[in-house]
Structures are given as C-alpha cells and as structure tokens.
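This report concerns only the one structure given below.
The values are calculated or read from the model by the stated rules, or taken from the named source; none is laboratory data. Values in this document were obtained by computation on a predicted structure and should not be read as measured data. Every residue, glycine among them, receives a Cβ derived from its backbone with ideal geometry; neighbour counts consider all protein chains shown.
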Amino acid sequence: MNREVVGFIDIGTNSIRMMVASINPNSSYNILREEKEVVRLGENEFKHDRLQPEAMQRALEVCKRFPQLARTLGAKEIVAVATSATREAKNQEEFLRLLREEAGLDVMVVSGKEEARLIFLGMTSGVSLEGKRAIFIDIGGGSTEIAIGDQNQYSYLDSLKLGAIRLTTLYVPDGHTGKIPSKMYGNIKKEVKRRIRRSTSEVRSENLEVAVGSSGTIRNLAEIAAKQNGNGAARPLKLTKGQLSKIINMLRGLKLDERRMVPGINPERADIIVPGGAILETIMEEYGIKELVVSDKGLKDGLLVDYIFDEKELDQFLELSVKERSVLQLGRSFDLDEEHANRVRDLALALFDSSKKVGLHDLGKWERMLLRHSAWLHDIGNSISFNDHHIHSQYLIYNSDLLGFDRREITIMANVARFHRKGGPKGKRLKDPTLDDHAKRVIVLLSAMLRLAEVLDRSHERVIYRAEFTGKSGSEMILSLWSDGDCQLEKWGIESNQKILEKAFRRRLLIDFKTGKCT
C-alpha cells in the first residue's frame with residue numbers, strides 16, 4: 001500500500017508544534033513523530049504589533065530543523081500555518097520571507113476564525129460527545145479560539161484577542177518576578193471580560209452540555225489540579241471551576257521561582273500561566289461553565305483531518321462518532337480486508353439480535369457496540385502474520401490508542417477478537433485484572449458470536465447471506481441459514497467450532513439450512 005508522509009507545522013505565539021503522519025490511500029494514518037519547541041514568537045510584540053528580531057530568529061531556527069526532521073521520516077510535503085503573533089504583526093512579510101528563504105518553508109497565515117475551525121476539527125477528532133452540544137476553548141499565547149457545535153458540525157466560531165503572552169506583555173511589568181498582586185490580576189480579568197462581552201450572550205443562549213478545553217495553558221492548569229488531588233494518572237483530565245480558582249489563588253501568591261516548583265507545572269510556562277488562568281477563569285465565570293474536559297488535540301490535528309478529507313469526505317467522516325472514527329482508523333492502518341470485515345460484522349450483529357430475541361442472552365446496547373467494533377477489527381493481526389493472527393489482533397487492539405473507549409472496553413474487544421478462532425476463552429486466558437465476572441461472560445458470548453460469524457464467511461464469497469437464531473428449547477437452540485450457493489466450507493467450519501458455541505450458550509446447536517447446497 002502506497003503511503004504519503006506529510007509534516008504539519010503550527011507556528012504559534014508561544015510554541016511551534018510539528019506532527020509527521022503517514023497517510024494511507026484509504027484515508028487512515030499513523031503518527032510517526034510529534035515535536036514541540038517553546039520559542040516565544042510573540043514575546044514583547046503586542047505593545048507595538050511587531051515581531052522582535054530575537055523572537056523571529058528563535059522561530060526561524062526551529063523552522064529549519066522541523067522540516068529536516070520531517071523529511072528524514074519520508075515527508076514529501078510540509079503544511080505550515082502561522083497564527084496570532086504572525087497575523088497581527090506589522091512586519092509579517094519580513095518574517096514570512098525569512099521562513100521562505102532561509103528555512104525553505106511556505107507558511108500560510110490563517111485568520112482567527114479559520115484557526116478556530118481547525119481547532120474544532122482537531123478537538124472533535126479526539127473526544128466523544130455522544131450526541132451532546134459542546135463549547136470548545138483553546139487558549140493560546142496571543143489569542144483564544146471559541147467554537148460551539150456537536151460531534152459533526154460547528155454552529156459558531158470566534159477568535160478573541162486574548163492570550164497568555166499577550167496579557168502578560170500588557171499587564172505584567174517587564175522583569176517582574178514577584179507575586180501577582182490582586183489589583184494586577186483584577187485588571188487582567190477586566191480586560192478578558194471586556195473582550196468576551198460580544199460572545200457571552202451567544203454562548204449563554206446555547207444549550208451546552210459539555211465544555212472541552214485545549215492548549216498548553218489549560219492542560220497545565222488541569223495537570224496541577226490533578227497533582228493536588230492525587231489523581232495525576234487519570235484520563236481524560238478534567239478541571240472544575242472551583243479547582244481552577246483555588247489553583248490561581250495559590251499561583252498568584254507565589255514568586256516566579258516558587259511558581260516554577262509547583263508540582264505538575266511546566267516551568268517554561270510559570271511566567272505566563274497566571275494571565276492564562278485569568279482568561280480561563282473569566283470565561284468559565286461568564287459562560288457559566290462548571291467543568292472542562294481537557295483534550296490533547298488541537299490545531300495540528302485539525303490540519304491533518306482537513307488535509308486528508310475533501311469537503312464531501314469530511315462531512316461523512318464527521319458524521320461518525322469518535323469511537324467509529326478511531327476503529328475505522330485502526331483497521332485501515334493495518335490494511336484490513338474491509339469487505340470481509342463488514343460482512344462478518346453484519347453477520348455477528350444479526351446473530352446478537354436474533355439470539356437476544358429468542359432469549360439466549362440478555363445483553364444490551366453496550367455489549368452490542370463492543371461486538372460491532374470487535375468484529376470489524378478481528379482480522380487486523382493478518383498484517384503481521386496469518387498464523388496466530390487472532391493473537392496479533394488481540395495485541396494490536398489492546399495496545400492501540402482507541403479514542404472514546406475506556407480501558408475495560410478495549411480489553412473486552414481485544415479478547416473478543418482473540419477468541420474468534422482456535423481455543424475458547426476460559427481459565428487463565430481471561431486473567432486480566434480489569435475483567436470482572438460480567439466482562440468475562442460478555443467475552444464468552446461475544447467471541448462465540450464472532451467465531452460463528454467468521455466461519456459463516458469462511459470462503460469470503462458471501463455464500464451465506466443471512467443467519468439468525470430462530471428458536472430454542474430447554475436444551476437446544478436453532479440456527480437458521482440462508483445461502484445461494486455451495487456452503488460446504490462454511491458448514492464444516494460450524495461443525496469444527498460446535499462444542500465451543502454450545503458451551504457458550506449452554507445448549508445443543510441445531511442447524512436449519514433454508515436454501516442452497518449445504519445439506
């Protein structure tokens with residue numbers, strides 16, 4: 001499969017970030033490398049709207065190295081954008097010329113609303129909203145982007161001239177290393193409130209159920225809160241308004257060198273984190289936000305999504321849930337036989353629904369969802385080797401970053417894929433500590449359905465086009481099959497797995513061939 005390697009560079013006001021991705025013809029991708037360098041491009045800019053020579057030189061050096069690194073990884077194309085610091089600079093053309101002539105980098109300066117759109121694409125690619133409407137907040141060094149929407153589409157985009165470096169430049173005296181006085185902090189919050197006034201009524205009129213935050217400022221504040229509450233390993237990170245206010249009060253009362261020692265803080269951010277926190281605290285107060293879910297996705301991720309999909313494809317992609325997107329991405333990354341995967345998935349779901357209808361189990365929507373995704377991914381281990389590919393599938397699912405799923409769900413799906421062939425799930429094979437008795441029972445039943453669905457498409461020719469459980473008695477269950485050809489191979493597969501199927505459902509299996517040459 002021919003892959004295209006592309007580098008994506010986000011030249012921000014505080015940091016420059018790069019992502020290098022290998023993009024497959026089927027629109028799946030693998031992240032090869034991510035890099036970040038703090039360059040403070042916007043340092044001392046916002047009083048006179050000019051990028052300073054020292055700041056431009058720092059950014060230039062990074063913009064020389066990042067494309068070189070991307071090319072060593074095989075990148076043939078570099079997509080680079082610049083945001084607030086560059087778009088507001090009176091000497092923007094000088095900086096772009098330096099990047100072009102000395103770094104060989106053509107950079108597109110994006111508008112504030114385009115930045116908000118790209119951030120929306122990036123953040124929605126990594127969060128599951130489950131049908132809810134959300135506000136998305138990204139606090140950068142020079143601007144703050146706001147988006148409102150659901151999983152699929154935004155309804156509102158805005159870019160505010162509020163950023164951690166901007167407000168530090170305007171309100172914190174040069175060289176100030178002491179505490180942040182209440183008056184200084186109050187003036188910063190007044191500026192934030194003034195800037196967000198036009199968006200406040202718009203946001204408050206929305207029926208918002210979720211708030212999602214991104215950027216270094218928000219992540220770092222959430223990391224400090226997690227350290228203070230003893231749950232630093234918890235994911236996703238969350239930050240309540242009460243936690244934020246407590247942290248800001250603590251940070252304001254510390255000198256700069258003391259701030260750098262706070263558990264969880266990024267020392268490079270210690271001088272700008274209080275003004276950045278003032279932006280977030282005021283937004284949460286004015287918008288009525290009680291809690292933020294913290295995302296690690298942002299503009300560079302949006303650049304990737306935007307690059308891969310044209311307008312029509314993007315609409316279709318955004319219609320999928322985060323779980324569906326991440327499963328689709330994982331399967332395509334390993335060059336899955338999608339036609340076979342789709343048939344096995346559909347057969348497995350038909351078996352699930354019909355077996356529930358006749359009373360063979362009492363599982364619900366959650367378990368059906370796990371079967372759906374397990375069935376689609378069950379053969380990804382073929383990318384390593386056909387022999388024992390079920391074990392490879394288990395490993396790949398278990399160790400992949402499947403967005404939207406928790407660890408228990410991923411463990412169940414990995415095991416369902418593992419037991420779609422050869423030995424069944426029992427004893428030490430289900431020793432994972434995250435699996436309680438219910439999860440183990442789910443694995444037994446779902447893997448039996450997947451095993452049956454797999455052998456029903458053993459020839460990969462769709463010989464059996466319909467399969468349902470149509471009845472049961474005290475000790476028996478009836479499986480009805482419809483075919484339009486010779487399905488002896490499929491019949492043999494059922495017979496080879498009959499004992500495992502009967503053990504899972506605790507009934508003897510009777511097969512009723514409705515049509516075809518299988519009897």
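Numerical summary
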{"item": "Single unsatisfied condition, Ile511 versus (1) outside any strand (DSSP E or B); (2) free of Cβ contacts under 8 Å to residues at least 40 places away in the same chain", "result": "(1)"}
{"item": "Condition met for Leu162 (in the same structural domain as Gly276 (by TED's automatic domain parsing) and either under 21 Å from the mean Cα position of the chain (by Cα) or among the hydroxyl-bearing types (Ser, Thr, Tyr) (or both))", "result": "no"}
{"item": "Search result, residues across the range 29-57 that are under 31 Å from the mean Cα position of the chain (by Cα) and not acidic (Asp, Glu)", "result": "Tyr29, Asn30, Ile31, Leu32, Arg33, Lys36, Val38, Val39, Arg40, Leu41, Gly42"}
{"item": "Matching residues in the range 283-318 - criterion: being part of a loop (DSSP other than H, G, I, E, B), of a type outside the set (Lys, Arg) and closer than 30 Å to Lys76 by Cα", "result": "Ser295, Asp296, Gly298, Phe309, Asp310"}
{"item": "Residues within the range 250-280 that are part of a loop (DSSP other than H, G, I, E, B) and touching a His at 6+ places or on another chain (Cβ under 9 Å), tallied", "result": "1"}
{"item": "Residue check, Gly142 assigned to a helix (DSSP H, G or I), touching a Lys or Arg at 6+ places or on another chain (Cβ under 8 Å), of a type outside the set (A, V, I, L, M, F, W, C) and closer than 19 Å to Ile16 by Cα", "result": "no"}
{"item": "Residue ID - nearest to Gln329 (Cα to Cα), chosen from residues in the range 123-139 that are aliphatic (A, V, I, L, M) and assigned to a strand (DSSP E or B)", "result": "Ala134"}
{"item": "Meets criteria (assigned to a loop (DSSP other than H, G, I, E, B) and touching a residue at least 24 places away in the same chain (Cβ under 8 Å)) for Leu157", "result": "no"}
{"item": "Single condition Asp432 does not satisfy, out of (1) part of a loop (DSSP other than H, G, I, E, B); (2) modelled with pLDDT of 85 or more; (3) acidic (Asp, Glu)", "result": "(2)"}
{"item": "Leading residue by the ranking (surrounded by the fewest Cβ atoms within 10 Å (Cβ to Cβ)) among those in the range 196-226 that are in a helix (DSSP H, G or I) and of a type in the set (Ser, Thr, Tyr)", "result": "Ser201"}
{"item": "Residue count, the range 51-86 (criterion: surrounded by 17 or more Cβ atoms within 10 Å (Cβ to Cβ) and either of a type outside the set (A, V, I, L, M) or under 22 Å from Glu35 (Cα atoms) (or both))", "result": "21"}
{"item": "Tyr287 being in the same structural domain as Tyr171 (by TED's automatic domain parsing) and of a type in the set (Phe, Trp, Tyr)", "result": "yes"}
{"item": "Unmet requirement for Met449, which otherwise passes all of (1) free of Cβ contacts under 8 Å to residues at least 60 places away in the same chain; (2) within 22 Å of Gly493 (Cα to Cα)", "result": "(1)"}
{"item": "Scope the range 437-483; condition modelled with pLDDT under 85, farther than 26 Å from Asn415 by Cβ, within 37 Å of the chain's Cα centre (by Cα) and of a type outside the set (Asp, Glu); matching residues", "result": "Ser459, Arg462"}
{"item": "Pair list, Cβ under 9 Å, 6 or more apart: the range 120-134 residue more than 18 Å from Leu157 (Cα to Cα), other residue surrounded by fewer than 20 Cβ atoms within 10 Å (Cβ to Cβ) and among the basic types (Lys, Arg)", "result": "Ser128/Lys323"}
{"item": "Check on Arg58, of a type in the set (D, E, K, R) and under 15 Å from Asn91 (Cα atoms)", "result": "no"}
{"item": "Scope the range 302-331; condition at pLDDT 85 or above, more than 12 Å from the chain's Cα centre (by Cα) and farther than 15 Å from Leu403 by Cα; matching residues", "result": "Leu303, Leu304, Asp306, Tyr307, Ile308"}
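Every residue, every condition in (1) out of contact with any helix residue (DSSP H, G or I) (no Cβ under 8 Å at 6 or more places or on another chain); (2) under 28 Å from Ser400 (Cα atoms); (3) without any contact (Cβ under 8 Å) to a residue 40 or more places away in the chain, yes or no:
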residue	(1), (2), (3)
Leu73	yes, yes, no
Glu77	yes, yes, no
Val81	no, no, no
Glu93	yes, no, yes
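Residue by residue, here is whether (1) modelled with pLDDT of 95 or more; (2) in contact with a strand residue (DSSP E or B) (Cβ under 9 Å, 6 or more places away or on another chain); (3) not assigned by TED's automatic domain parsing to the domain that holds Val127 holds:
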| residue | (1), (2), (3) |
| --- | --- |
| Asp158 | no, yes, no |
| Leu167 | yes, no, no |
| Pro173 | no, no, no |
| His176 | no, no, no |
| Lys189 | yes, no, no |
| Arg197 | no, no, no |
| Glu202 | no, yes, no |
| Leu208 | no, yes, no |
| Ser215 | no, yes, no |
